[in-house]
């Protein structure tokens with residue numbers, strides 16, 4: 001499944017890389033703190049930030065595409081009112 005979009009890379013340990021498509025816009029960078037190195041993912045539309053450690057990233061590399069489909073439904077999490085739980 002090919003996606004159209006673009007990636008601008010300034011270096012993951014510097015200003016980060018920006019990946020965009022018609023559906024999403026994120027900044028990727030690497031942070032290395034007391035928890036060890038992690039990929040920082042920032043949703044540029046909402047400011048929401050998440051982190052993935054090396055084990056989580058490796059899991060994504062091995063995860064079958066079908067297993068990821070449930071995460072791609074924005075109504076499952078993104079469009080919910082976070083205040084209501």
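Structure notes:
- Packing-based exposure ordering (other Cβ within 10 Å, fewest first) of 44, 28: 44, 28
- Each Cα pair under 8 Å and six or more residues apart adds its sequence gap; the mean of these over the residue count of the stretch 33-80 is a relative contact order of 24 percent.
- Tensor-based shape of the stretch 27-66 (alpha-carbon gyration tensor, a/c under 1.5 rounded, otherwise prolate or oblate): oblate
- Neighbour-count ranking [beta-carbon atoms within 10 angstrom, fewest first] of 21, 75, 29: 75, 21, 29
- Each label was represented as a point 7 Å from its Cα along the Cα-to-Cβ direction; for residue 63 and residue 22 these points are 2.4 nm apart.
- In terms of surrounding Cβ atoms within a 10 Å radius of their Cβ, 40, 27 rank from fewest to most as 40, 27.
Coordinate-derived values only; no laboratory data. These numbers come from a predicted model, not from an experiment. Cβ atoms come from the backbone with ideal geometry, glycine included; neighbour counts cover every protein chain shown.
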